[in-house]
1. With only alpha-carbon atoms counted, please give the Rg and Dmax of the chain, in Å.
2. Taking all pairs of different Cα atoms in region 74-196, averaging 1/r and flipping that mean, what Kirkwood radius in angstroms comes out?
3. Could you give the dipole magnitude of the chain about its Cα centre, charging the beta-carbon of Lys and Arg +1 and that of Asp and Glu -1, in debye to the nearest 20?
4. Under a 10 Å cutoff between Cα atoms, tell me which one of G370, G164, G380 has the largest fluctuation in the Gaussian network model of the chain.
5. On full extension of the chain, what length is gained from E324 through R124, given 0.36 nm per residue of separation minus the C-alpha to C-alpha distance?
6. Fewest to most neighbouring Cβ within 10 Å: what's the order for F138, F130, F223?
7. Before anything else, pin down the relative contact order of the chain: Cα pairs under 8 Å, at least 6 apart, normalised by residue count, whole percent.
8. Based on other C-beta atoms within 10 Å, arrange L390, L72, L87 from fewest to most.
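Since every read-out is calculated from the coordinates, none of them should be taken as a lab result. Because the structure is predicted, anything quoted here is derived from the model rather than measured. All Cβ positions, even for glycine, are placed from backbone atoms using ideal geometry, and neighbour counts span all protein chains on display.
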Amino acid sequence: MNHRSRSHHAAHLDDGPQDEVPQIALVHRGQAALVTTGEQLARLLETLRADGSFAYDSEFISEQSYHPKLCLAQVASRSALALIDPLAGFDMTPFWELLADRSVMKIVHAGESDIEPVVRHLARPAANVFDTQIGAGFIGLPYPVSLKKLVLELTGVNLGRDLGFSNWRQRPLSPVQLRYAADDVRYLPAVHRGMLAKLEALGHACRADEECAAACEIGRFGFNPATHYLRVRGANLLSPPLQAVLKELTAWRDGAARRDDKPPRAFLKDEVMVELARERPGSVAALAKVRSLPSAIAQACGADIVAAAARALPGAELPAAEPEIGAADKFRTDALFAVLQCLCAGSKLDQGLVASRRELERFYQHVAHGAGDAPALLQGWRREAVGDLLRSFLEGNSSLAMAWEGGMLRAGVAV
């Protein structure tokens, strides 16, 4: 029994009566309608368009195929609560078209995987999407935060058990699955309304919109051979010449996994990819040195692996290596990171949403030494919210003050 099967079984051990849905504005209290035909879908989409906004989530199985297998799509609006069954065989294109329609707002939570099919099927991105996980990072809540914790924080409702790894392919779906799937979107309109009020009060509404729009950019989806190798676990431990080999191997693995309809990491593990890059095999016989390479892959794909490694040698365009930060600058960057944390906390911004330590190092190198292009902290809403102030502080043009008021940290320019 695999992890998904175990999770599915455990979630159904207690299949007793379910709690009643509380009476909250914008929260549907009834059962969700099940959409199993194209005609039903068309009527639902008319309703969602008329309402002007709707919450959306999806359930899929990603560990068995190159593209995740969509098993269910859930929506909730002012007038509808529905579960769309794509396994019933009707065309889902009109639904993807709606997700790409800028005139209708979509509310998601951690929605990257949910909106990916729009790019895949339409070759254009989802539009006018508000992600409540992103929004939470602008109102003094952790980023990322789970849906369960967010719903509890903003509505007082405990969503209960997690069925994320249930067997969503089974039909009919169990009452537990139907309730869980409906609850994944049932409370999002109310959460969104409460979040908007907080965003407006804090002056972060436009910033949250900007970050949500960035999360929909088409370049974030699909395979990019120029950068995808950096997602291979262990890539950062390789020298630039070996990263060039890994880059070619990653492009080969993606194509092979796509042909076999398997997730790339299931087709060949990342640690094997890194070992192959280190060995830089010059012949099929040399693959024997990579002991972690499955024999079936070596036999079926050996010549392709060798050819991919050869494409990086010699004279290949090598990935640009970022300069190492010196010990003294590392100490100063650590101090600056503490200042960033205080500025973020004082503005009810989650620091993780604003900048990582590596991004702050780039900021420091750029401001202190003129190195590199303008970092993310000096672009868009990040510059407006904290970047300009942090730069002024680093250059010695501003002093900062902090105080603990009303149960929270206040930080800003000293007066």
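1. For the chain, the Cα-based Rg and Dmax read 24.6, 71 Å.
2. After inverting the mean inverse Cα-Cα distance, the result is 15.6 Å.
3. The dipole of the chain has a size of about 620 debye.
4. G370
5. Result for the pair: 68.2 nm of gain on full extension.
6. F223, F130, F138
7. 14
8. In increasing order of surrounding Cβ atoms, one gets L87, L72, L390.
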